[in-house]
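Chemist: Provided herewith is a single structure, encoded as structure tokens, for subsequent inquiry.
The values are calculated or read from the model by the stated rules, or taken from the named source; none is laboratory data. No experiment lies behind these values; they were computed from the predicted model shown. Here Cβ is always computed from backbone atoms with ideal geometry, including for glycine, and neighbour counts include all displayed protein chains.
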Amino acid sequence: MRFCKECNNMLYASDAKETQVLRFTCKNCNYSEEIERNAQETNCVYSNEVKLGQSAIKIDPMIVNDPTYSRTRNLECPDCGFQEAIFFQNPNNNDSGMKLIFVCCNKNKRGRYCGKWWFNDK
């Protein structure tokens, strides 16, 4: 998604059929810029394919203090063996099944949480 350099509104793709040039144009102030050729990754306008990279998930261990998350006492933490965890649906899930992320709720004597998280298919 690109934004207008003049008024910061979203730019929309448009084509000039006579010159066969693809441009991004602002519908508010008529600012226009030509799209670079051969830059498909940065200039893709319409696509049915979703590309998800192998990005690392970072979860703050303090998330276990949030009372809005569901809790379970039926699973054991793979690291410390504690029997309580919060869980939520993986926001980056791109397959047909529902993947859940579990976060261990174990708090040690120093007040630090285990923080171990893992996936579980349901």
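Chemist: Can you tell me which condition ASN38 does not meet? The list is (1) modelled with pLDDT under 80; (2) assigned by TED's automatic domain parsing to the domain that holds ILE86, and all the others hold.
Modeler: In the conditions (1) modelled with pLDDT under 80; (2) assigned by TED's automatic domain parsing to the domain that holds ILE86, ASN38 misses (2) alone.
Chemist: Here's something else I'd like to know. Between a first residue in the stretch 102-113 that is over 14 Å from ASP66 (Cα atoms) and a second residue that is surrounded by 10 or more Cβ atoms within 10 Å (Cβ to Cβ) and of a type in the set (Ser, Thr, Tyr), which pairs have beta carbons less than 6 Å apart while being 6 or more apart in sequence or on different chains?
Modeler: Taking only residues 6 or more apart or on different chains, the pairs are LYS107/TYR113.
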